[in-house]
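Engineer: Pasting a structure below so you can have a look.
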Amino acid sequence: MTKASYFKKAGVKLILAIVALACAAIPAQAAGFCPPAASGATLPWWGWPVLLFVFCFLLGIIAVLAGVGGGVLFVPIVGSFFPFHMDFVRGAGLLVAMCSSLAAAPNFLRKGMANLHLALPAALIASTASIAGAWIGLSLPQAIIQTALGIAILGIVVILSKSRESSYPAVGAPGRIASFLQLQGSYWEPAEQRQVEWHAHHAGRGLLWFIVIGFLAGMFGLGAGWANVPVLNLVMGAPLKAAVATSHFLLSITDASAAWVYINKGAIMPMIVVPSVLGVMLGSFLGAKVFARVHPKSIRTIVLAMLTLAGVRSILKGCGI
Amino acid sequence: MNPTRTHAGTGGSGKTLEAPRLYARVLERGVRLSLAVLAATFGLYITRLIPSQIPPQEIEHVWQLPLNDYLRVTGLPTGWQWLKHLDHADFLPLLGIAGLTGATLLSYLALCGFYRRHKERVFLAICLLEILVLLFAASGFGPSIH
């Protein structure tokens with residue numbers, strides 16, 4: 001490696017680390033000088049929406065680089081550090097996750113990486129469960145939701161740090177359900193210059209998981225990429241790229257049905273939703289550009305640390321500490 | 001079953017991408033239009049060019065309230081009642097939000113046509129059921145909250 005490229009690479013890593021730290025620091029700093037109880041006392045009315053937009057822009061960059069959805073970071077961090085009630089944060093979180101997926105899904109579908117036969121049955125199960133999750137989430141008191149969210153986030157940290165996804169899992173015979181639903185596909189893999197042919201197995205077990213995934217997505221407004229990918233890849237045996245692409249497509253459907261519940265109940269506040277959605281989408285767009293050149297593992301570590309911090313704070317806030 | 005057999009509705013190459021491409025095309029158009037509406041209507045709201053039921057400078061007094069208290073204090077409608085208030089700028093962004101959320105429904109309708117033409121009854125049934133689920137969610141039926 002030449003000296004110039006070494007410094008260029010180090011510079012990019014430094015910038016990304018600063019972006020990640022700023023992403024964590026902005027809401028913490030804002031919460032510090034203007035705690036939720038005194039919201040509006042220090043900032044003008046547009047202060048929090050502008051901070052939210054900047055935060056979501058940085059979040060969009062980080063989410064793409066770390067390979068997680070925006071929703072899973074948005075809800076615990078915004079819920080813990082911004083003055084908005086959790087009912088509105090969860091509604092906004094669903095729309096953030098849904099819009100990120102809506103932006104990514106067409107490209108994955110055109111390339112054949114997102115698989116319709118794999119996604120459609122899973123989406124039907126997950127979207128039905130997400131409606132039930134949204135109903136229950138909107139019925140529970142904030143303290144219970146906040147505590148349960150903290151526990152769920154810490155569980156997600158464990159899943160994200162322990163799961164070792166496989167590019168091409170070893171897959172046995174398709175089984176009856178996988179054969180009936182024709183859970184198979186093919187896509188062009190440019191890195192290997194070949195057409196990847198694949199089929200899924202353990203369809204029954206895999207599809208059952210989408211009841212839990214959909215329910216949690218609707219209840220907490222988290223999106224569910226963190227769970228979709230391990231189930232599609234490790235349980236059902238889809239190649240990692242097909243699992244990631246199908247997960248994006250799946251999310252856009254699951255979150256849409258839960259989002260309708262939040263819209264109908266009046267839990268969608270444009271002043272929170274619009275800066276969040278536009279910020280995350282712009283950030284994801286920029287993140288995808290940077291992603292093509294660099295993929296720093298350290299960003300994932302920082303994201304896990306941010307999630308742990310947000311999870312612990314969520315539990316403390318739920319317990320009134 | 002031969003696991004490598006290609007199929008009209010799956011991801012894959014050549015003509016097997018017909019259904020995913022159709023879905024992607026409808027989705028992309030719906031999302032682009034809805035995003036443009038969302039950004040434009042939000043601009044109208046925060047610039048206060050059109051009167052709002054809750055002016056933007058007053059929203060900070062209610063965004064920390066639980067949903068039920070927020071609805072009681074503001075008197076804002078639930079369900080589809082917001083369509084009757086489109087003369088207020090704070091309801092206009094809901095057009096964009098409903099468009100983004102409804103884009104999936106339109107894509108499913110397009111997919112139903114595809115599967116009907118190709119006589120794929122299982123996936124036609126799955127798509128029709130998903131449309132029913134989305135319509136049910138959009139209808140506002142369900143238990144009252146809190």
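The values are calculated or read from the model by the stated rules, or taken from the named source; none is laboratory data. Every value quoted in this text rests on a predicted model; they were computed, and no experiment measured them. Backbone-built Cβ (ideal geometry, glycine too); neighbour counts: all protein chains shown. The protein model used for the area step is the full one, side chains on, heavy atoms only, and it has no ligands, DNA or RNA in it. Shrake-Rupley method; radii C 1.70, N 1.55, O 1.52, S 1.80 Å.
Engineer: Would you confirm whether any residue within the stretch A:113-120 is more than 10 Å from every other protein chain (Cβ to nearest Cβ) and either modelled with pLDDT of 85 or more or in a helix (DSSP H, G or I) (or both)?
Structural biologist: Scanning the stretch A:113-120 turns up no residue that is more than 10 Å from every other protein chain (Cβ to nearest Cβ) and either modelled with pLDDT of 85 or more or in a helix (DSSP H, G or I) (or both).
Engineer: Give just the number: which of (1) assigned to a strand (DSSP E or B); (2) open to solvent by 40 Å² or more (accessible area, probe 1.4 Å) does A:Val196 not satisfy?
Structural biologist: Single failed check for A:Val196: (2).
Engineer: Every residue in the stretch B:127-146 that is open to solvent by 20 Å² or more (accessible area, probe 1.4 Å) and either in a helix (DSSP H, G or I) or more than 7 Å from chain A (Cβ to nearest Cβ) (or both), please.
Structural biologist: Within the stretch B:127-146, B:Leu128, B:Leu129, B:Leu132, B:Val133, B:Leu135, B:Phe136, B:Ser139, B:Phe141, B:Ser144 qualify.
Engineer: Which residue, of B:Leu35, B:Leu67, is at the interface with another protein chain (Cβ under 7 Å from one of its Cβ atoms), of a type in the set (A, V, I, L, M) and buried (at least 19 other Cβ atoms within 10 Å of the Cβ)?
Structural biologist: B:Leu67
Engineer: A further question on this structure: State all residues of the stretch A:58-88 that are touching a Pro at 6+ places or on another chain (Cβ under 9 Å) and either within 14 Å of another protein chain (Cβ to nearest Cβ) or acidic (Asp, Glu) (or both); if no residue qualifies, say none.
Structural biologist: If the condition is that a residue be touching a Pro at 6+ places or on another chain (Cβ under 9 Å) and either within 14 Å of another protein chain (Cβ to nearest Cβ) or acidic (Asp, Glu) (or both), then A:Val78, A:Ser80, A:Phe81, A:Phe82, A:Pro83, A:Phe84, A:His85, A:Met86, A:Asp87 are the ones that fit.
Engineer: Of all residues being exposed (fewer than 13 other Cβ atoms within 10 Å of the Cβ) and outside any loop (DSSP other than H, G, I, E, B) in the stretch A:162-179, which is farthest from the other protein chains (Cβ to nearest Cβ)? Just the residue, please.
Structural biologist: A:Lys162
Engineer: Moving to a separate point now. Run B:Trp82 past the list (1) assigned to a helix (DSSP H, G or I); (2) within 9 Å of chain A (Cβ to nearest Cβ); (3) under 27 Å from B:Gln53 (Cα atoms); (4) open to solvent by 20 Å² or more (accessible area, probe 1.4 Å) and report the number of the one that doesn't hold.
Structural biologist: All conditions pass for B:Trp82, except number (4).
Engineer: If I filter the stretch A:235-263 down to residues being open to solvent by 10 Å² or more (accessible area, probe 1.4 Å) and either within 9 Å of chain B (Cβ to nearest Cβ) or in contact with a His (Cβ under 8 Å, 6 or more places away or on another chain) (or both), which single residue comes out as nearest to A:Ile131 (Cα to Cα)?
Structural biologist: Of everything passing the filter in the stretch A:235-263, A:Trp260 is nearest to A:Ile131 (Cα to Cα).
Engineer: Report whether or not A:Leu216 is under 30 Å from A:Trp135 (Cα atoms), within 13 Å of another protein chain (Cβ to nearest Cβ) and open to solvent by 10 Å² or more (accessible area, probe 1.4 Å).
Structural biologist: no
Engineer: Return the only residue of A:Leu282, A:Leu232 being outside any loop (DSSP other than H, G, I, E, B) and open to solvent by 10 Å² or more (accessible area, probe 1.4 Å).
Structural biologist: It is A:Leu282.
Engineer: Still on this model: State all residues of the stretch A:130-144 that are at the interface with another protein chain (Cβ under 7 Å from one of its Cβ atoms) and within 18 Å of A:Asp255 (Cβ to Cβ); if no residue qualifies, say none.
Structural biologist: A:Ile131, A:Trp135, A:Leu138
Engineer: Failed condition for B:Lys119, given (1) within 30 Å of B:Arg21 (Cβ to Cβ); (2) more than 9 Å from every other protein chain (Cβ to nearest Cβ); (3) part of a helix (DSSP H, G or I); (4) more than 13 Å from the chain's Cα centre (by Cα), with all others met?
Structural biologist: If we test B:Lys119 against (1) within 30 Å of B:Arg21 (Cβ to Cβ); (2) more than 9 Å from every other protein chain (Cβ to nearest Cβ); (3) part of a helix (DSSP H, G or I); (4) more than 13 Å from the chain's Cα centre (by Cα), just (3) comes out false.
Engineer: Would you mind telling me which numbered condition in (1) within 29 Å of B:Arg25 (Cβ to Cβ); (2) within 8 Å of chain B (Cβ to nearest Cβ); (3) out of contact with any Pro (no Cβ under 7 Å at 6 or more places or on another chain) A:Phe108 fails?
Structural biologist: (2)
Engineer: Condition (residue is open to solvent by 30 Å² or more (accessible area, probe 1.4 Å) and closer than 23 Å to A:Gly320 by Cα) applied to the stretch A:121-137: is it met by at least one residue?
Structural biologist: yes
Engineer: Among the numbered criteria (1) without any contact (Cβ under 8 Å) to a residue 24 or more places away in the chain; (2) hydroxyl-bearing (Ser, Thr, Tyr); (3) surrounded by 21 or more Cβ atoms within 10 Å (Cβ to Cβ), which one does B:Thr47 miss?
Structural biologist: (3)
Engineer: Of the residues A:Ser127, A:Ser100, which single one is at the interface with chain B (Cβ under 10 Å from one of its Cβ atoms) and assigned to a helix (DSSP H, G or I)?
Structural biologist: A:Ser127
Engineer: Restricting the stretch A:225-257 to residues that are small (Gly, Ala, Ser) and within 24 Å of A:Val171 (Cα to Cα), which is nearest to the chain's Cα centre (by Cα)?
Structural biologist: It comes out as A:Gly225.
Engineer: Still on this structure, please answer the following. All but one of (1) within 12 Å of chain B (Cβ to nearest Cβ); (2) part of a helix (DSSP H, G or I) hold for A:Ala152; which doesn't?
Structural biologist: Only one criterion is unmet by A:Ala152, namely (1).
Engineer: Same structure again: Within the group A:Gly204, A:Gly172, which residue is over 20 Å from the mean Cα position of the chain (by Cα) and modelled with pLDDT of 90 or more?
Structural biologist: On inspection, the qualifying residue turns out to be A:Gly204.
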